[in-house]
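*Asks:* There's a structure below that I have some questions on.
The values are calculated or read from the model by the stated rules, or taken from the named source; none is laboratory data. Predicted, not measured: the structure shown is a model, and the values here were computed from it. Every residue, glycine among them, receives a Cβ derived from its backbone with ideal geometry; neighbour counts consider all protein chains shown. Accessible surface areas use protein heavy atoms only, side chains included; no ligands, DNA or RNA. Shrake-Rupley method; radii C 1.70, N 1.55, O 1.52, S 1.80 Å.
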Amino acid sequence: MVRKNVFSSTLREAMSGSKQEQQEPRADETISEPPAPPAASASQRDQKPAAASTPGKRSNPNVEIFRKSFQEQMLRTMQDVDPDRVDSSRFQDRLDVSEELDGLKDSIRVNGQQVPVLLRRVAGDRFEVVYGRRRIMACRQLGIDVRAMVVDISDEDALIAQGLENAARLENSYIEKALFVAQVTEAGYSLSTIQKALDIDKTQASKMRGVIRDVPRDVIAAIGAAHGAGRRPWEELRNALSGDDAPGQARLLKMIDEELPSHERLKKLLVLLRQARRIEHAAPAPDVKIGNGNFKLDRTPRSLTVKAHRNAPEAFLQHLEENLERIYQEWQNDNA
């Protein structure tokens, strides 16, 4: 059974930040009460219902309304779905879905799936995950059906629900949230929708987009989620890569130690970048002179400047400018 109106209305109540009376099921709706679930394993956060905010942490009222309202509805409308019939969502909210998956599988194997996932029907007998990708993967690998609530909602409502669920669980790392913000921004969603769904303000959203714009995606993927790293290390990395002396992507990837845990990779990369910057600033490269000193070359890792003496022939600069494309093509052919 697909429950569109109840889900969407509750979602809109959360978006508005005001709690209204819960809508009673229509007479033509059949609701089956599932058996009471066994006790959840405290060691597996994906097996816990979305918890109240951590003491001392400011909580968005939208998230709290979402958490309290959806728990009851999901317990009343769950059904079993073959995980092989579930497709990925457009927006990825985790860098590595398989991270710590063995612990989640053990918890589901012993205690059963404590928290249902949210799916929406897309075509025929296929579904699209709104949230719960790790639980779906765990059930798929265990060879069992996944416990799910199936709803019929729009793309925007699916995005909002995915963002609110992530905010309620407080699991995603800073860079995963930033990637999510970048994805939904690129998809054309309004800033207002992004702010309400992801529990962030305009300034935070802007800084997150800046990090994703200035740090290459391959570098982010190589570092990983870096849980616990927070905003400041990523902004330091962004600033380090914004200067003319910043290393290129190939060099950056070689500087990342994949043997370390994700947050340690980020920490060590920043240390190496600081060291490289100190060395470059302490010992600047000597100028290179050509043409009996008529021209001087200033070289940094990201730029090459040609400076002409006042007596130098200006025609050489024009000749150099006109032949830059040919020089580049020759270099590219030699290094293909």
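*Asks:* Could you say which residue among Val271, Val306 is open to solvent by less than 80 Å² (accessible area, probe 1.4 Å), within 28 Å of Ser206 (Cα to Cα) and either touching a helix residue (DSSP H, G or I) at 6+ places or on another chain (Cβ under 8 Å) or outside any loop (DSSP other than H, G, I, E, B) (or both)?
*Replies:* Val271
*Asks:* Taking the options Ala178, Ala148, Ala123, name whichever one is surrounded by fewer than 21 Cβ atoms within 10 Å (Cβ to Cβ) and not aromatic (Phe, Trp, Tyr). Spell out how you get there, then give the answer.
*Replies:* Values: Ala178 fails: surrounded by fewer than 21 Cβ atoms within 10 Å (Cβ to Cβ); Ala148 fails: surrounded by fewer than 21 Cβ atoms within 10 Å (Cβ to Cβ).
Only one candidate qualifies: Ala123.
*Asks:* Could we say that Gln114 is of a type outside the set (A, V, I, L, M), surrounded by fewer than 22 Cβ atoms within 10 Å (Cβ to Cβ) and part of a loop (DSSP other than H, G, I, E, B) here?
*Replies:* Criteria met by Gln114.
*Asks:* Checking the condition among the acidic types (Asp, Glu), free of Cβ contacts under 8 Å to residues at least 24 places away in the same chain and farther than 23 Å from Ile108 by Cβ, which residue from Glu156, Glu186 passes?
*Replies:* Only one candidate qualifies: Glu186.
*Asks:* Report, by residue number, each residue of segment 226-241 that is open to solvent by 10 Å² or more (accessible area, probe 1.4 Å), closer than 13 Å to Lys177 by Cα and in contact with an Asp or Glu (Cβ under 9 Å, 6 or more places away or on another chain).
*Replies:* Selection gives His227 alone.
*Asks:* Assess whether Ala197 counts as being within 15 Å of Phe180 (Cα to Cα), assigned to a helix (DSSP H, G or I) and at pLDDT below 90.
*Replies:* yes
*Asks:* Of the numbered conditions (1) within 30 Å of Gln204 (Cβ to Cβ); (2) at pLDDT 85 or above, Gly163 fails exactly one; give the number of that condition.
*Replies:* The failed condition is (2).
*Asks:* Scanning for something under 25 Å from Val97 (Cβ atoms), of a type in the set (D, E, K, R) and either more than 14 Å from the chain's Cα centre (by Cα) or in a loop (DSSP other than H, G, I, E, B) (or both), does segment 235-245 turn up at least one residue? Spell out how you get there, then give the answer.
*Replies:* Step one: filter segment 235-245 for residues under 25 Å from Val97 (Cβ atoms), giving 237.
This time we only want the ones that are of a type in the set (D, E, K, R), so: none.
Looking for residues that are under 25 Å from Val97 (Cβ atoms), of a type in the set (D, E, K, R) and either more than 14 Å from the chain's Cα centre (by Cα) or in a loop (DSSP other than H, G, I, E, B) (or both), one finds none in segment 235-245, hence no.
*Asks:* Pull up segment 200-224, narrow it to residues that are at pLDDT 90 or above and outside any helix (DSSP H, G or I), then point me to the one that is most open to solvent (accessible area, probe 1.4 Å).
*Replies:* Pro216
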